[in-house]
Amino acid sequence: MDFLALLRSELETYAAVLGGLTKTDLERPVPACAPWDVYELTDHLGNGNLWVATAVREGHGRNDQERTAPRDPASLHTWLLSTNEEILSALDVHPETQAWTFSSQLPRTVGFWWRRRAHETRMHRWDLQDALGAAEPFEPEFAADAVAEVFELFAPRMIQRGIAPEPPVALKVSATDVGRSWTYGPGEPVAELSGAAPDLALRLWNRLGADAPALAWSGDRAAGERVVAGPLVP
């Protein structure tokens, strides 16, 4: 996948939605990121853009460029566009270029940030649209990579940071629409969680509940749900 192109597209889509919002819209709660509202979600996304631009250009993870986003809708839109330009400019280099990242599991390159920010922006675009009442579904292959990223990056990192325990048993996660599966935990899987990749991504990122009808369980569901509860992601 061309993650830089996906990131550019997602940043543009988020900004386009934001550009049509009123002050009242900015005060709408974002259920998936409670207690944030739409303004705070946008502040988070924009400052994340600036943070990554600094990480690539200066080789550290400090928030030296963090800025308070303006609350006026038009000014907020302009501010977000400026942060979009910052991150895209910083990332417009060869993906194997060395860069500071927060991960020891994956290569510390600009390509890490292409992928990470593409998924971050796509998920928060879903959050924004969900808060406004009309979230567009994920593209299946892109969603499948979001699932893969959880198990490659975030789940091990949560254990490293002491936030989650090692999984006591293995869970199989199967994306029925793209024919991919992942096993997380030791030994043979005791349970399987299956569904379309977009629904799996939303479940692992706590955007769908455990009883979402789009998902199916087999095997020892209680043990499998304990693995998913991890927490697997921040």
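The values are calculated or read from the model by the stated rules, or taken from the named source; none is laboratory data. The structure presented is a predicted model; accordingly, all values stated were derived computationally and were not measured. Glycine gets a Cβ as well: all are built from the backbone with ideal geometry, and neighbour counts include every protein chain shown.
Could you check, for region 194-208, whether at least one of its residues is part of a loop (DSSP other than H, G, I, E, B) and closer than 11 Å to Ala144 by Cα? Walk me through how you get there before you give the answer.
Let us first name the residues in region 194-208 that are part of a loop (DSSP other than H, G, I, E, B), namely 196, 205-208.
Those still in the list that are closer than 11 Å to Ala144 by Cα too: 196.
Checked region 194-208: at least one residue is part of a loop (DSSP other than H, G, I, E, B) and closer than 11 Å to Ala144 by Cα.
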For this session: Return a yes/no flag: does region 67-77 have any residue that is of a type in the set (S, T, N, Q) and part of a loop (DSSP other than H, G, I, E, B).
Result: yes
Problem set entry | Every residue from region 157-168 that is surrounded by 18 or more Cβ atoms within 10 Å (Cβ to Cβ) and out of contact with any helix residue (DSSP H, G or I) (no Cβ under 8 Å at 6 or more places or on another chain) | Arg157, Met158
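Yes or no: Leu132 within 22 Å of Ser103 (Cβ to Cβ) and not acidic (Asp, Glu)?
Working: within 22 Å of Ser103 (Cβ to Cβ): no; not acidic (Asp, Glu): yes.
So Leu132 fails the test.
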Exercise. Quick one: how many residues across region 93-144 are under 24 Å from Val228 (Cβ atoms), under 11 Å from the mean Cα position of the chain (by Cα) and charged (D, E, K, R)?
Worked result: 6
For this session: Just one of (1) in contact with a helix residue (DSSP H, G or I) (Cβ under 6 Å, 6 or more places away or on another chain); (2) modelled with pLDDT under 95 trips up Leu50, so point out which.
Result: (2)
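Matching residues to (1) modelled with pLDDT of 95 or more; (2) closer than 16 Å to Leu204 by Cβ; (3) outside the structural domain of Asp92 (by TED's automatic domain parsing):
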residue: Phe112; (1), (2), (3): yes, no, no
residue: His119; (1), (2), (3): yes, yes, no
residue: His124; (1), (2), (3): yes, yes, no
residue: Asp127; (1), (2), (3): yes, yes, no
residue: Val150; (1), (2), (3): yes, yes, yes
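Could you tell me whether any residue of region 209-232 is part of a loop (DSSP other than H, G, I, E, B), touching a Pro at 6+ places or on another chain (Cβ under 8 Å) and surrounded by fewer than 16 Cβ atoms within 10 Å (Cβ to Cβ)? Spell out the reasoning first.
Within region 209-232, the subset part of a loop (DSSP other than H, G, I, E, B) is 209-215, 220, 230-232.
Adding the requirement that they be touching a Pro at 6+ places or on another chain (Cβ under 8 Å) leaves 230.
Checking which are surrounded by fewer than 16 Cβ atoms within 10 Å (Cβ to Cβ) leaves us with none.
No, because not a single residue in region 209-232 is part of a loop (DSSP other than H, G, I, E, B), touching a Pro at 6+ places or on another chain (Cβ under 8 Å) and surrounded by fewer than 16 Cβ atoms within 10 Å (Cβ to Cβ).
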Exercise. Is it fair to say Ala15 is at pLDDT below 95 and under 26 Å from Ala143 (Cβ atoms)?
Worked result: no
Problem set entry | Tally of residues being outside any loop (DSSP other than H, G, I, E, B), out of contact with any Gly (no Cβ under 6 Å at 6 or more places or on another chain), of a type in the set (A, V, I, L, M, F, W, C) and farther than 20 Å from Pro234 by Cβ across region 143-192 | 2
For this session: Examine region 46-54 for a residue that is of a type in the set (Val, Ile, Thr), buried (at least 21 other Cβ atoms within 10 Å of the Cβ) and in contact (Cβ under 8 Å) with a residue 40 or more places away in the chain, and state whether such a residue exists.
Result: yes
Exercise. Within region 53-68, is even one residue outside the structural domain of Glu149 (by TED's automatic domain parsing) and in contact with a Lys or Arg (Cβ under 8 Å, 6 or more places away or on another chain)?
Worked result: yes
Exercise. When you go through Pro73, Pro95, Pro107, Pro35 one by one, which is the residue that is touching a residue at least 60 places away in the same chain (Cβ under 8 Å) and either touching a Pro at 6+ places or on another chain (Cβ under 7 Å) or outside the structural domain of Pro198 (by TED's automatic domain parsing) (or both)?
Worked result: Pro95
